[in-house]
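**Student:** Pasting a structure here, questions to come.
The values are calculated or read from the model by the stated rules, or taken from the named source; none is laboratory data. Nothing here was measured: the structure is a model prediction, and the numbers come from that model. Glycine also receives a Cβ, built like all others from the backbone with ideal geometry; neighbour counts cover every protein chain displayed.
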2 protein chains.
Amino acid sequence: MSTLDRINQSLEKAMILAHSKQGPQLLQEAMHYSVFPGGARIRPQLCLAVAAACGDDDPALSNAAASAIELLHCASLVHDDLPCFDNAQLRRGRPSVHAAYGERIAVLSGDALIVLAFQVLANSGTRSIFRLGPLMNTIAMSVGSPHGIVAGQAWECESKVVLRDYQRAKTGSLFEAATAAGAQAAGADAATWRPLGEWLGEAYQVADDIRDVVADQTELGKPAGQDVAHDRPSSAKDLGLSGAVQRFDELVQKSIASIPHCKGEKMLRALVTQESERLVPSDWFKDAKRKILFRQTSHS
Amino acid sequence: MSTLDRINQSLEKAMILAHSKQGPQLLQEAMHYSVFPGGARIRPQLCLAVAAACGDDDPALSNAAASAIELLHCASLVHDDLPCFDNAQLRRGRPSVHAAYGERIAVLSGDALIVLAFQVLANSGTRSIFRLGPLMNTIAMSVGSPHGIVAGQAWECESKVVLRDYQRAKTGSLFEAATAAGAQAAGADAATWRPLGEWLGEAYQVADDIRDVVADQTELGKPAGQDVAHDRPSSAKDLGLSGAVQRFDELVQKSIASIPHCKGEKMLRALVTQESERLVPSDWFKDAKRKILFRQTSHS
């Protein structure tokens, strides 16, 4: 079974916990719609890759950790798209949850997905019961206040923002949790694995900023130009486009360099390289540079 | 130390986990504002009372359970008050969170409080590590889909609602979790204690419906007449006022009768009686009856 199949199977299993014919149906439908079909599932992929590199001696727990992280990511997308934030009508190429199910169900789906993430951990059936508390703490810290993804979103409500604090909380924290939790699920040391998640999370955020400027809606599956539209901090705005691309390349190299010596080293390097190519494809970017040049010429 | 002091102290300790000068400040302020000063803290009181009745041999865990339940209750109030739901400007006699901090911070505070609830459990420092998973599961189930308080709120988006399913999810579930988790935190059997929470939760919901019809804004600390305004299911509408009061009294009696024989039996009976008097005071209700009569007379 591929890792992606393993992740989707764990997520389907998680959804069963939230399902009943006796419960309200719209909420359940919207929760499923928020999680399936997924994107690249990069966070749970990373979590399971690190768990594998550390021996993965308790797959029930690493599956639960990977699912919990993806559920929390999906919850954050649902709430970020709400009218009071991005008011995004599109996500992954189809109507966002609030566009499809209304704002009330979107708020509640996000809430229920957060709860489900922790329920999945509580129900993992792990045989390594002493790992559960620290693992849950890692994941909770990466989502809540003061430094998790919710705090990252809350930086957008502050008058003064340090770009790096904002990006690290909004995106980096969950990547860091993915590597740390993958290690913890396999009984390994979380701290050794945090730098990989940290660098990769920063790379991912820079890539997102670049894509927001360069890509069009069809390529993104969601509206482009949102950082400028919402006056959000962005490395593409701060560093210029070529500066941002250079920064992205540096961060990918730092990610790769941070991978500790281990049995899964080669597999992890390959995963990071493949993911960076998916995020900012060399070919696509050459095209995009032409597009920008064309736009500039036609505007002048 | 009184139980209420113990609860508030645990909650203050919990807030420290969400606090940092390096994190976004509005979110942290709004989270604190959502939790302090509290109401009667009836759910954590109930949780700790049951834990005490069962020996409370691991106070670190019962404190964490009680705090988690109250944090989840506070989160639900913040989200229920949002413009897309009740659009309530008042809560506990002062501006609701979205009225005070804006809608975005209100959404994020609710999210962060849900996360914090599970973080508190992960950080309890319990010495009874085998109790953690089942306890977390009890609490998660009482909040999420298909039968927790979020599902209860989601029933308001369905076209067909069974009043009892709605009330049991929206209010009963967290009361049931309070008694079950109190027992589990002390190593006792959850099932024995569920009926107390279930009856009391139903009583509380009926009381809320009665108060919504009878009380005025000053007494409630929030706008009155919301069930009618939002066309929500309500036992006061379904059974009439006197029918609802009779139902309330029956449910209080059932709650008391369900208390298992134990060392804390007397204390628990006293707590239930005191709480029912607080909810629907005999005197206040006589007054309220006069008020209704007066309204009817003056409208005719």
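**Student:** For region B:258-278, give me each residue that is assigned to a helix (DSSP H, G or I) and either aliphatic (A, V, I, L, M) or in contact (Cβ under 8 Å) with a residue 40 or more places away in the chain (or both).
**Tutor:** Within region B:258-278, B:S258, B:E265, B:M267, B:L268, B:A270, B:L271, B:V272, B:E275, B:S276, B:R278 meet the criteria.
**Student:** Check B:V206, B:V150 and return the single one that is within 14 Å of chain A (Cβ to nearest Cβ), of a type in the set (V, I, T) and outside any loop (DSSP other than H, G, I, E, B).
**Tutor:** On inspection, the qualifying residue turns out to be B:V150.
**Student:** Pull up region A:85-96, narrow it to residues that are in contact with a Gly (Cβ under 8 Å, 6 or more places away or on another chain) and closer than 26 Å to A:S142 by Cβ, then point me to the one that is farthest from the other protein chains (Cβ to nearest Cβ).
**Tutor:** In this case the residue turns out to be A:R92.
**Student:** Assess whether A:A140 counts as being part of a helix (DSSP H, G or I), at the interface with another protein chain (Cβ under 7 Å from one of its Cβ atoms) and touching a Pro at 6+ places or on another chain (Cβ under 8 Å). Give the derivation first.
**Tutor:** Numbers: part of a helix (DSSP H, G or I): yes; at the interface with another protein chain (Cβ under 7 Å from one of its Cβ atoms): yes; touching a Pro at 6+ places or on another chain (Cβ under 8 Å): no.
Spelling it out, it is not the case that A:A140 is part of a helix (DSSP H, G or I), at the interface with another protein chain (Cβ under 7 Å from one of its Cβ atoms) and touching a Pro at 6+ places or on another chain (Cβ under 8 Å).
**Student:** Looking at A:L77, A:L108, A:L116, which is the one that is under 16 Å from A:K170 (Cα atoms) and either within 8 Å of chain B (Cβ to nearest Cβ) or part of a helix (DSSP H, G or I) (or both)?
**Tutor:** Among A:L77, A:L108, A:L116, only A:L77 is under 16 Å from A:K170 (Cα atoms) and either within 8 Å of chain B (Cβ to nearest Cβ) or part of a helix (DSSP H, G or I) (or both).
**Student:** Here is a further query. Are there any pairs, at least 6 apart or on different chains, whose C-beta atoms fall under 8 Å, with the first in region B:42-55 and under 18 Å from B:G201 (Cα atoms) and the second of a type in the set (D, E) and not in a helix (DSSP H, G or I), and if so, which?
**Tutor:** B:L48/B:D56
**Student:** Can you tell me which residue within region A:154-184, out of those that are more than 14 Å from chain B (Cβ to nearest Cβ) and at pLDDT 95 or above, is surrounded by the fewest Cβ atoms within 10 Å (Cβ to Cβ)?
**Tutor:** Within region A:154-184, the match that is surrounded by the fewest Cβ atoms within 10 Å (Cβ to Cβ) is A:E176.
**Student:** Looking at the structure I just gave you, is A:T218 more than 20 Å from B:Q25 (Cβ to Cβ), among the hydroxyl-bearing types (S, T, Y) and at pLDDT below 95?
**Tutor:** In short, yes.
**Student:** Which residues, taken from region B:112-145, are free of Cβ contacts under 8 Å to residues at least 12 places away in the same chain and more than 15 Å from the chain's Cα centre (by Cα)? Break it down stepwise before answering.
**Tutor:** As a first pass, look at region B:112-145 and keep what is free of Cβ contacts under 8 Å to residues at least 12 places away in the same chain: B:115, B:122, B:129-130, B:133, B:137, B:144-145.
Residues satisfying the conditions are B:V115, B:A122, B:I129, B:F130, B:G133, B:N137, B:S145.
**Student:** If you don't mind, there's one more thing I want to ask. Does any residue of region B:25-36 turn out to be facing chain A (nearest Cβ under 8 Å), in contact with a helix residue (DSSP H, G or I) (Cβ under 7 Å, 6 or more places away or on another chain) and without any contact (Cβ under 8 Å) to a residue 24 or more places away in the chain?
**Tutor:** No, region B:25-36 contains no residue that is facing chain A (nearest Cβ under 8 Å), in contact with a helix residue (DSSP H, G or I) (Cβ under 7 Å, 6 or more places away or on another chain) and without any contact (Cβ under 8 Å) to a residue 24 or more places away in the chain.
**Student:** Please find, among A:A65, A:A30, A:A53, the residue that is buried (at least 19 other Cβ atoms within 10 Å of the Cβ), out of contact with any strand residue (DSSP E or B) (no Cβ under 6 Å at 6 or more places or on another chain) and over 17 Å from A:E12 (Cβ atoms).
**Tutor:** After ruling out the rest, the residue left standing is A:A53.
**Student:** Output yes when any residue across region A:55-71 is at pLDDT 95 or above, within 15 Å of A:A30 (Cα to Cα) and part of a helix (DSSP H, G or I), and no when none is.
**Tutor:** Among the residues of region A:55-71, at least one is at pLDDT 95 or above, within 15 Å of A:A30 (Cα to Cα) and part of a helix (DSSP H, G or I), which makes the answer yes.
**Student:** Does A:R127 count as more than 7 Å from chain B (Cβ to nearest Cβ), of a type in the set (K, R) and either assigned to a loop (DSSP other than H, G, I, E, B) or surrounded by fewer than 22 Cβ atoms within 10 Å (Cβ to Cβ) (or both)?
**Tutor:** Numbers: more than 7 Å from chain B (Cβ to nearest Cβ): yes; of a type in the set (K, R): yes; either assigned to a loop (DSSP other than H, G, I, E, B) or surrounded by fewer than 22 Cβ atoms within 10 Å (Cβ to Cβ) (or both): yes.
Taking the combined requirement at face value, the residue satisfies it.
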